[in-house]
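K.L.:
Below: one structure in structure tokens.
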């Protein structure tokens, strides 16, 4: 089976979709699929990746085309346009990742026009929250959506959601397209043998203090305006507590978060780190006592699953779409997007080491059982076969 994945960019700092797609395609190749990724050379938050554009590269058995971009705001690429027109019919199925940018929009439209089976994975873009909190360009976005992306969604072979809540939240659009739910996964290898604790604490200078970890893009949807005042409350009960905020900045939002910490006198108790990968990422999870993600919207929550894999209990908002699964597995606490609730949940776990241990063990078992790639890839391949047979 020849599968084409289309995504606007594969920049490592752009967040979960990039991490997920690279891991998914590696596992698909191991499962015997012939896999190609069509993307661009855009980096995040700006610039271009250090790759050869407009030529195929082989990475872990996956053929990747990084096309040059002519108009970055919409990721318009003439090279990608030409390649797609020449090459799309070579594939049995096209898996589209994301909306609102030229690569996924154009390739979905071309697949529809040519009767090539295609699946759209919105990665949370259909959450009603985003419809009320868009930027000043909201009118243009709605026009783009109604004229281009909604017709693509209506004519898709299927829509791939990563959680039941993501599908439920998209129901206001009355899409008539078949859909299925399969979660994102993680490579279990880096989590198989967890490192001894201590290295991240030493690097950040927090020592043996109770450590709360946020890890993700510094973006307004992540609820950092909730986390900072919540941690301020935690500090009143546990003055020795520390907060690590780890992740790439999104425009000027990181400066705003730093301003909030200064305004509350938390400069000496909050540590900022730009970006972690590989063993350093795992070490941060292992060294923390509680992971917190109070997002206003979160289509899946890959960092939540990574935390669980590291036996780290989580405090997440009810808008992280896997919150039902986390609660059912006893892997963490679920709160409203409210600083008081988040603070109480953090304190409840920091003050109860035995409960943290039990939650951590439950979370690790759940992460391995629910969210590792071989099982997910097998189920996704079955969905592919069904879509192709119905075409």
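K.L.:
Could you tell me which of the residues 380, 349, 281 is in contact (Cβ under 8 Å) with a residue 24 or more places away in the chain, outside the structural domain of residue 247 (by TED's automatic domain parsing), touching a helix residue (DSSP H, G or I) at 6+ places or on another chain (Cβ under 9 Å) and part of a helix (DSSP H, G or I)? Don't jump to the end; show me each part of the working.
P.N.:
Details: 349 fails: outside the structural domain of residue 247 (by TED's automatic domain parsing); 281 fails: outside the structural domain of residue 247 (by TED's automatic domain parsing).
Every option except 380 fails the conditions.
K.L.:
Kindly indicate the residue of segment 222-239 that is over 14 Å from residue 265 (Cα atoms) and in a helix (DSSP H, G or I) and also farthest from the chain's Cα centre (by Cα) among those meeting that condition.
P.N.:
Residues of segment 222-239 that are over 14 Å from residue 265 (Cα atoms), as a first pass: 222-227, 237-238.
Still in the list and also in a helix (DSSP H, G or I): 222, 224-227, 237.
Numbers: 222: 11, 224: 16, 225: 20, 226: 20, 227: 19, 237: 33 Å.
Looking at the filtered set, the residue picked out is 237.
K.L.:
Still on this structure, I have one more. Return the residue satisfying two criteria in turn: it lies in segment 275-285 and is closer than 25 Å to residue 357 by Cα and in contact with a strand residue (DSSP E or B) (Cβ under 8 Å, 6 or more places away or on another chain), and of such residues it is modelled with the lowest pLDDT.
P.N.:
276
K.L.:
Here is a further query. Go through the residues of segment 77-91 one by one and say whether even a single one is in the same structural domain as residue 18 (by TED's automatic domain parsing), in contact (Cβ under 8 Å) with a residue 12 or more places away in the chain, part of a strand (DSSP E or B) and surrounded by 16 or more Cβ atoms within 10 Å (Cβ to Cβ).
P.N.:
Scanning segment 77-91, I find no residue that is in the same structural domain as residue 18 (by TED's automatic domain parsing), in contact (Cβ under 8 Å) with a residue 12 or more places away in the chain, part of a strand (DSSP E or B) and surrounded by 16 or more Cβ atoms within 10 Å (Cβ to Cβ), so the answer is no.
K.L.:
Looking only at segment 92-104, filter to residues that are within 26 Å of the chain's Cα centre (by Cα) and assigned to a loop (DSSP other than H, G, I, E, B); which one of those is nearest to residue 21 (Cα to Cα)?
P.N.:
98
K.L.:
Would you check if residue 50 is surrounded by fewer than 23 Cβ atoms within 10 Å (Cβ to Cβ), in contact with a strand residue (DSSP E or B) (Cβ under 7 Å, 6 or more places away or on another chain) and either without any contact (Cβ under 8 Å) to a residue 12 or more places away in the chain or not assigned by TED's automatic domain parsing to the domain that holds residue 160 (or both)?
P.N.:
For residue 50, the condition - surrounded by fewer than 23 Cβ atoms within 10 Å (Cβ to Cβ), in contact with a strand residue (DSSP E or B) (Cβ under 7 Å, 6 or more places away or on another chain) and either without any contact (Cβ under 8 Å) to a residue 12 or more places away in the chain or not assigned by TED's automatic domain parsing to the domain that holds residue 160 (or both) - is not met.
K.L.:
Scan (1) buried (at least 23 other Cβ atoms within 10 Å of the Cβ); (2) at positive phi for the single condition residue 291 breaks and write down its number.
P.N.:
With (1) buried (at least 23 other Cβ atoms within 10 Å of the Cβ); (2) at positive phi applied to residue 291, the lone miss is (2).
Residues are listed down the side, and each one gets a yes or a no for (1) more than 20 Å from residue 314 (Cα to Cα); (2) over 20 Å from the mean Cα position of the chain (by Cα):
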residue: 254; (1), (2): yes, no
residue: 257; (1), (2): yes, yes
residue: 265; (1), (2): yes, yes
residue: 268; (1), (2): yes, yes
residue: 276; (1), (2): no, no
residue: 280; (1), (2): no, no
residue: 288; (1), (2): no, yes
residue: 296; (1), (2): no, no
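K.L.:
In segment 165-198, what count of residues is obtained for those that are assigned to a loop (DSSP other than H, G, I, E, B), closer than 25 Å to residue 386 by Cβ and at pLDDT 95 or above? Before the answer, list the steps.
P.N.:
Just the residues of segment 165-198 that are assigned to a loop (DSSP other than H, G, I, E, B), to begin with: 174-178, 182-185, 187-188, 193-198.
From what is left, the residues that are closer than 25 Å to residue 386 by Cβ are 174-178, 182-185.
After this cut, where a residue has to be at pLDDT 95 or above as well, the list is 177-178, 182-185.
Matching residues across segment 165-198 total 6.
K.L.:
Would you pick out the residues in segment 1-47 that are surrounded by fewer than 19 Cβ atoms within 10 Å (Cβ to Cβ), over 14 Å from the mean Cα position of the chain (by Cα) and not in a strand (DSSP E or B)?
P.N.:
1, 26, 29, 30, 31, 32, 43, 44, 45, 46, 47
K.L.:
One residue is enough: does segment 312-326 have a residue meeting the conditions over 24 Å from residue 340 (Cα atoms) and touching a residue at least 60 places away in the same chain (Cβ under 8 Å)?
P.N.:
No; the residues of segment 312-326 include none that is over 24 Å from residue 340 (Cα atoms) and touching a residue at least 60 places away in the same chain (Cβ under 8 Å).
K.L.:
Additional query: Pairs please, first residue from segment 193-211 and at positive phi, second anywhere and at pLDDT 95 or above, Cβ atoms under 8 Å, 6+ apart in sequence or on different chains.
P.N.:
Taking only residues 6 or more apart or on different chains, the pairs are 198/287; 205/271; 207/201.
K.L.:
Follow-up. Quick one: would you say residue 288 is touching a strand residue (DSSP E or B) at 6+ places or on another chain (Cβ under 7 Å) and either at pLDDT below 95 or not assigned by TED's automatic domain parsing to the domain that holds residue 336 (or both)?
P.N.:
Against the criterion (touching a strand residue (DSSP E or B) at 6+ places or on another chain (Cβ under 7 Å) and either at pLDDT below 95 or not assigned by TED's automatic domain parsing to the domain that holds residue 336 (or both)), residue 288 does not qualify.
K.L.:
Among the residues that make up segment 255-274, is at least one of them part of a loop (DSSP other than H, G, I, E, B), free of Cβ contacts under 8 Å to residues at least 40 places away in the same chain, touching a strand residue (DSSP E or B) at 6+ places or on another chain (Cβ under 8 Å) and surrounded by 19 or more Cβ atoms within 10 Å (Cβ to Cβ)? Give the derivation first.
P.N.:
So in segment 255-274, the residues part of a loop (DSSP other than H, G, I, E, B) come out as 264-269, 274.
Filter once more, so that each one left must be free of Cβ contacts under 8 Å to residues at least 40 places away in the same chain: 264-269, 274.
Those still in the list that are touching a strand residue (DSSP E or B) at 6+ places or on another chain (Cβ under 8 Å) too: 266, 269, 274.
From what is left, the residues that are surrounded by 19 or more Cβ atoms within 10 Å (Cβ to Cβ) are 269.
Within segment 255-274 (the criterion being part of a loop (DSSP other than H, G, I, E, B), free of Cβ contacts under 8 Å to residues at least 40 places away in the same chain, touching a strand residue (DSSP E or B) at 6+ places or on another chain (Cβ under 8 Å) and surrounded by 19 or more Cβ atoms within 10 Å (Cβ to Cβ)), the answer is yes, since at least one residue qualifies.
K.L.:
Report yes if residue 246 is modelled with pLDDT of 95 or more and either surrounded by 13 or more Cβ atoms within 10 Å (Cβ to Cβ) or in contact with a helix residue (DSSP H, G or I) (Cβ under 9 Å, 6 or more places away or on another chain) (or both), otherwise no.
P.N.:
So residue 246 fits the description; yes.
The values are calculated or read from the model by the stated rules, or taken from the named source; none is laboratory data. The shown structure was predicted, so the numbers you read here are calculated from the model rather than taken from an experiment. Cβ coordinates were reconstructed from backbone atoms using ideal geometry, including for glycine residues, and neighbour counts include every protein chain displayed.
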